[in-house]
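Written below as structure tokens is the structure these notes are about.
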Amino acid sequence: MSLEPFDYYRAKGLADAVSRLTRPGALAIAGGTDVLPLWRVGGVTFDCAVDLSHLDEAAVRAEPERLVMGALARLNDVAGDSHVRERWPLIAQALDATASPQIRNLATVGGNLLQRTRCSYFRSADLPCNRRQPGSGCGARDGVHRMAAIFGTSAHCIATHASDLAVALVALEAALAIVGPDGERCIPVVQLWMLPGERPHVETVLRPGEVIRSIIVPAAPPSTCRYRKVRDRASFEFAVTSVAVALSIKDGCITQARLAAGGVGTVPWRLRSSELALLGQRANPQTFQAAARLAGDGAAPLRDNVFKVELLRRTVEQSLEEAYA
Amino acid sequence: MSETPLALTVNGEPVRCSASTTASLLEVIRDQLALTSAKRGCDQGACGACTVLVDGKRINACLALAHSHAGRRIETLEGLARGGLNPLQAAFVAHDALQCGYCTPGQIMSACGLLSEGGTLDRATIAERMSGNLCRCGAYSNIVDAIAEVASV
């Protein structure tokens with residue numbers, strides 16, 4: 001297969017990047033760990049790679065009330081930050097479980113949130129995929145879909161969102177600062193991703209020219225947390241299921257509970273039913289079991305991924321126990 | 001594909017070459033600079049055979065856009081081996097940490113990055129932090145032995 005060439009442009013600043021990215025055929029690139037392999041298989045074509053990796057928005061700043069991560073911070077720079085490890089361990093745990101050390105030294109946190117799905121139909125140019133080629137059909141629905149989503153699916157797409165970091169950020173109710181041609185706006189991180197619906201190729205709410213400037217995480221009251229990732233091998237693999245737990249416990253009673261799951265949704269998935277089952281209850285194995293039983297609420301599994309419903313319940317129970325241990 | 005000038009520092013030497021805007025750092029290192037220790041295994045960041053150091057940190061050269069790394073300091077196994085075997089290389093030999101040897105340059109550069117990252121190491125930690133490097137001959141146990149010896153654990 002002959003590859004479509006592209007030009008290279010190194011952005012001189014955020015405003016310059018936004019201006020360049022509003023041009024047709026421009027695509028933002030930072031670490032390149034997702035864009036380059038995808039380009040090689042014809043999964044994405046563009047005329048000009050606008051390189052953001054040299055912009056200043058790469059600092060990790062721990063403030064009394066919040067953590068501010070520049071979108072261009074590399075995964076390992078965040079995971080290795082002593083403030084992050086101490087005050088936002090959920091983020092460090094999710095990043096430690098992400099990809100390999102080599103990839104974590106290249107990949108950026110902003111790019112991680114915007115990574116494309118690992119669904120093999122999306123990444124094979126000769127197979128049908130509505131996300132890559134609208135209207136071509138979803139090959140996974142009646143095909144190989146063991147790894148596919150059980151939440152948020154549509155007739156047109158069942159692909160999972162693969163980020164670990166996103167799952168932790170959803171549980172921590174982080175926000176994104178977004179810069180574009182019309183200025184800056186701030187959205188809850190959970191609002192970044194669109195459900196596939198009838199238009200799975202529209203993946204995020206980012207408008208043309210918009211880029212993520214930073215990720216803002218509140219200084220959490222969660223007194224305990226845990227990111228638990230279940231994979232087909234012990235390391236360097238995407239999640240079959242994963243769960244991020246952030247709990248606040250006072251006098252043995254759960255006063256706040258936030259749970260999000262990865263590997264199971266077309267977008268990072270908040271487990272509201274399980275959260276409600278925890279709130280106001282005593283933190284003990286019975287409570288955790290009851291909450292875990294509700295983790296599959298609303299799931300729409302298919303022939304070969306129905307196992308994920310029970311696996312998710314068990315991942316929730318285990319992550320709750322480990323968070324509280 | 002347009003070729004544009006590219007300046008890098010490779011194994012301590014400033015080099016200038018011409019590279020396609022779409023070239024990976026691996027392609028430049030191998031095809032332009034004729035440094036062939038870094039291997040093209042999977043070309044998608046899964047095997048680690050292309051591991052090199054950029055400004056002291058290990059990365060997959062196949063995933064790195066070459067022009068994005070203009071001006072950076074690149075180290076390959078050729079640089080590590082100057083003036084005799086590096087301790088990691090010697091340990092790989094002593095522990096039979098290879099069979100076919102295809103993955104070995106990537107393994108050693110990855111281990112080199114690992115040792116500079118700090119933190120407490122034990123065998124399990126070494127195995128986890130080397131998970132970005134595949135060895136299809138299955139020399140993993142000996143690879144961990146070799147790295148553990150150099151790390152004095």
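Residues in the range A:14-50 that are under 12 Å from A:V211 (Cα atoms) and either small (G, A, S) or crowded, with 21+ Cβ neighbours inside 10 Å (or both): A:A15, A:A17, A:V18, A:S19, A:L21, A:A28, A:I29, A:A30, A:V50.
Taking residues in the range A:262-291 that are in a helix (DSSP H, G or I), and partners anywhere that are of a type in the set (V, I, T) and surrounded by fewer than 23 Cβ atoms within 10 Å (Cβ to Cβ), the pairs with Cβ atoms closer than 8 Å and at least 6 places apart or on different chains are A:A277/A:T287; A:L278/A:T287. Meeting the requirement of 1 or more residues that are buried (at least 20 other Cβ atoms within 10 Å of the Cβ), the strands (runs of 3 or more DSSP E) wholly within the range A:181-260 are A:211-218, A:224-230, A:241-250. Looking only at the range B:101-138, residues that are more than 21 Å from B:T36 (Cβ to Cβ), more than 9 Å from chain A (Cβ to nearest Cβ) and among the aliphatic types (A, V, I, L, M) come to 4 in all. Test A:T153 against the criterion of being of a type in the set (V, I, T) and within 14 Å of the chain's Cα centre (by Cα), and give yes or no. Here the answer is no, as A:T153 does not meet what is asked.
Annotation note: Cβ proximity below 9 Å between a residue of the range B:1-17 that is of a type in the set (D, E) and a residue that is surrounded by 11 or more Cβ atoms within 10 Å (Cβ to Cβ) (sequence gap 6+ or interchain) occurs for B:E3/B:S18; B:E3/B:A19; B:E3/B:S20; B:E3/B:T21; B:E3/B:A23; B:E13/B:G79. Take the residues in the range B:66-82 that are assigned to a loop (DSSP other than H, G, I, E, B) and either within 13 Å of chain A (Cβ to nearest Cβ) or of a type outside the set (A, V, I, L, M) (or both), then tell me which one is surrounded by the most Cβ atoms within 10 Å (Cβ to Cβ). Restricting to residues being assigned to a loop (DSSP other than H, G, I, E, B) and either within 13 Å of chain A (Cβ to nearest Cβ) or of a type outside the set (A, V, I, L, M) (or both), the top hit is B:T76.
Comparison of A:L279, A:L320 shows that the only residue that is surrounded by 23 or more Cβ atoms within 10 Å (Cβ to Cβ) and either among the hydrophobic types (A, V, I, L, M, F, W, C) or in contact with a Gly (Cβ under 8 Å, 6 or more places away or on another chain) (or both) is A:L320.
Condition first: buried (at least 21 other Cβ atoms within 10 Å of the Cβ), under 21 Å from the mean Cα position of the chain (by Cα), not basic (K, R) and not in a helix (DSSP H, G or I). Can you find one or more residues in the range A:292-300 that meet it? Scanning the range A:292-300, I find at least one residue that is buried (at least 21 other Cβ atoms within 10 Å of the Cβ), under 21 Å from the mean Cα position of the chain (by Cα), not basic (K, R) and not in a helix (DSSP H, G or I), so the answer is yes.
Out of all the residues in the range B:53-102, which are in contact with a helix residue (DSSP H, G or I) (Cβ under 8 Å, 6 or more places away or on another chain), closer than 20 Å to B:L134 by Cβ and among the polar types (S, T, N, Q)? Passing the criteria: B:N60, B:T76, B:Q89. All of (1) farther than 22 Å from B:L114 by Cα; (2) under 15 Å from the mean Cα position of the chain (by Cα); (3) part of a strand (DSSP E or B) hold for B:P5 with one exception: (2). Screening B:D55 on (1) away from chain A (no Cβ under 14 Å); (2) without any contact (Cβ under 8 Å) to a residue 24 or more places away in the chain shows it passes everything except condition (1).
Residues in the range A:1-13 that are free of Cβ contacts under 8 Å to residues at least 40 places away in the same chain and more than 9 Å from chain B (Cβ to nearest Cβ) were compared, and the one that is surrounded by the fewest Cβ atoms within 10 Å (Cβ to Cβ) is A:S2.
Taken as a whole, the structure places B:G41 among residues that are at pLDDT 95 or above, more than 9 Å from chain A (Cβ to nearest Cβ) and in a loop (DSSP other than H, G, I, E, B).
Only one entry in B:L98, B:L85, B:L63 is surrounded by 24 or more Cβ atoms within 10 Å (Cβ to Cβ) and either over 21 Å from A:A99 (Cα atoms) or at the interface with another protein chain (Cβ under 10 Å from one of its Cβ atoms) (or both), namely B:L63. Among the residues examined, B:I147 qualifies as farther than 26 Å from A:R40 by Cα, more than 9 Å from chain A (Cβ to nearest Cβ), surrounded by 18 or more Cβ atoms within 10 Å (Cβ to Cβ) and modelled with pLDDT of 95 or more. Here A:A148 clears all of (1) assigned to a loop (DSSP other than H, G, I, E, B); (2) under 22 Å from A:I212 (Cβ atoms) except the condition numbered (2). Scanning the range B:1-38 for residues that are buried (at least 20 other Cβ atoms within 10 Å of the Cβ) and at the interface with chain A (Cβ under 9 Å from one of its Cβ atoms) yields B:S20, B:T22, B:S24.
Checking the condition away from every other protein chain (no Cβ under 14 Å), charged (D, E, K, R) and touching a residue at least 60 places away in the same chain (Cβ under 8 Å), which residue from A:R131, A:R123, A:R116 passes? Just one listed residue meets the conditions, A:R131.
Checking each residue in the range A:94-112 for being at the interface with chain B (Cβ under 8 Å from one of its Cβ atoms) and in contact (Cβ under 8 Å) with a residue 24 or more places away in the chain picks out A:A99, A:S100, A:P101, A:I103, A:N105, A:L106. Note on the range A:76-132: enclosed helices (runs of 4 or more DSSP H) holding 2 or more residues that are surrounded by 24 or more Cβ atoms within 10 Å (Cβ to Cβ) are A:89-96, A:101-106, A:109-114. When A:A234 is tested against (1) more than 14 Å from every other protein chain (Cβ to nearest Cβ); (2) out of contact with any Phe, Trp or Tyr (no Cβ under 9 Å at 6 or more places or on another chain); (3) modelled with pLDDT under 95, just one condition goes unmet, and that condition is (1).
Scanning the range A:196-241 for residues that are closer than 25 Å to A:C157 by Cα and among the hydroxyl-bearing types (S, T, Y) gives A:T204, A:T241.
The values are calculated or read from the model by the stated rules, or taken from the named source; none is laboratory data. It should be emphasised that the depicted structure is a prediction, and the values quoted were computed from it without experimental measurement. All Cβ positions, even for glycine, are placed from backbone atoms using ideal geometry, and neighbour counts span all protein chains on display.
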